[in-house]
1. Report Rg/Rh for the chain, rounded to two decimals, where Rg is the Cα radius of gyration and Rh the Kirkwood radius.
2. Just in the stretch 56-87: which trypsin sites (Lys or Arg not before Pro) are loop by DSSP and have at most 10 other Cβ atoms within 10 Å?
3. Cα centroid distance between the stretch 65-124 and the stretch 311-342, in Å?
4. Cβ neighbours within 10 Å, averaged per peptide: list 98-107, 83-92 in order, most packed at the top.
5. Given a Förster distance of 60 Å, report the FRET efficiency between Asp378 and Glu68 from their Cβ-Cβ distance, rounded to the nearest 0.05.
6. If neighbour count is taken as other Cβ atoms inside 10 Å, put Thr52, Thr207 in order from fewest to most.
7. Whole angstrom only: what separates the Cα centroid of the stretch 255-293 from the Cα centroid of the stretch 359-393?
8. Helix-only mean residue ellipticity at 222 nm, the chain, DSSP H runs n ≥ 4 weighted -39,500 (n - 2.57), per residue, nearest 500. What is it?
Amino acid sequence: MSSQLSSFQNSTPKLLGRKRSPTERIVPSEEESSSGSEESVVAMVKEMDTETTEARDKLIYECRLLLERDESNTLNKEFHRRYLDSPFSHPLPPGMVALDASAPWLLYWIANGLRTMNQSWLKTETQYRIQEKVFRVNPHGGPFGGGLGQLPHLAGTYAIVNALAICDNVEGCWDKINRTSIYDWLLSLKREDGGFQTCLGVGEYDTRGIYCAISIASMLGLLTQELCENVVEFLIHCQNYEGGFGGVPHEDEAHGGYTFCAVASLAILGALDRIDVEKLTDWCSQRQYNDEKGLSGRSNKLVDVCYSFWVGGTAAILEAYGYGNCINKAELKEYILKCCQMETRPGIRDKPGTRPDFYHTNYGLLGVAITENSFQLDPRVSNSLKIDSFIINPIDNSVLEPINPVYGLPSSDLEKFYKHFK
Ligand code: FPP
Ligand code: ZN
């Protein structure tokens, strides 16, 4: 047994970047234990507590109190609007200066949150300022880095393309994007195994890099066979025994973020039929917990509002492709509205006990948009175009713009941007 355990330990791959040592517990035999008494069972269960089970018990308690309240079942849009408007008129708090390399993400999260709540809440003047900033920092039109003088990065380029897509082509900004140079750069990041390095020479490669590359290329009309070589093979080997996807082939723990990236990319590449969809839908369903009603990112972890998009978006894509709906949208909406909004602060938070931020506000809003609609492919549209024109029907009183679950953008914006580059 001990040699088996040590060989398992030696072969255990890294799980999401961390190595966890397995724990071994010797259970006393019936004769040895003061067996069967209620106290001994309680003591044994208590012994199995971990930091995570304790955090979950506390979270369930807090969620229950919030979920029992009836009056907090609406999205406080005007309040969140003030939160997302503020960075366009006031400097960000000093603590956020360190996020310089994430400036493209901040632009996308904040602008997209406003746009998802109401098309007109992203003002023309703000759209103008967004594109002005993008091309001042990156005068050559891409590929894009974070702050001034930073190396081009897949995540930064993805976030900037998304941010520009919701800017209605003000100042002709869509035509300022240097597609040739972005295409050459994408090819230079491409690995033989189908992965993409996030940054030339130094970046890591996993399903996130693939999604960024495939999303950028598809939106800009750059999705060539050469760019897509081996990508599907890389992705299908990221689906593991759990049913979800890890970041890299063969050895990784399934996670909502990596799963979304893999599934959205496979949808763009028309290859969803190459994976075990039944196992994937089961895994997505298992991400939703009865007590909190929200979604977690991986087995035995806590619910977090951002997975309303990473896992909820995956579920919406599968629904659109005719595989059925695998999450309870009404319950998810309850988690977001009742547990992730605060009376005292605008914005959406990860979970009770945390504070709102721009990332969770954007993905929480996208999550609400997913719960408000059903998704279908448009049978009238030819195969290669399907991805940018889902049929999205309200199933509830919808208060948000319909969003395209593959791109995390309002579907009308995505459609216009797609057409512009076709
Ligand atoms: C673990 O976080 C999370 C990851 C290792 C990766 C998450 C990936 C995404 C959210 C997708 C990003 C998408 C793009 C387009 C770049 P954790 O351990 O803090 O959280 P957990 O406890 O919920 O797993
Ligand atoms: Zn989160």
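1. Numbers: Rg = 22.6 Å, Rh = 22.7 Å.
A ratio of 0.99.
2. For trypsin sites (Lys or Arg not before Pro) across the stretch 56-87 that sit outside H, G, I, E and B with at most 10 neighbouring Cβ atoms in 10 Å, the list reads Arg69.
3. The two parts, judged by their Cα centres, are 21 Å apart.
4. Result, highest mean Cβ count within 10 Å first: 98-107, 83-92.
5. Plugging the Cβ-Cβ distance into 1/(1 + (r/R0)^6) gives 0.90.
6. The fewest-first ordering by Cβ neighbours comes to Thr52, Thr207.
7. If you average the Cα positions of each part, the centres end up 15 Å apart.
8. -13500 deg cm²/dmol
None of the figures in this text is laboratory data; all of them are computed from the coordinates on show. All figures in this text were calculated on a predicted structure; none of them were measured in a lab. When we count neighbours, we look across all protein chains shown, and the Cβ atoms used for this are built from the backbone with ideal geometry, even at glycine.
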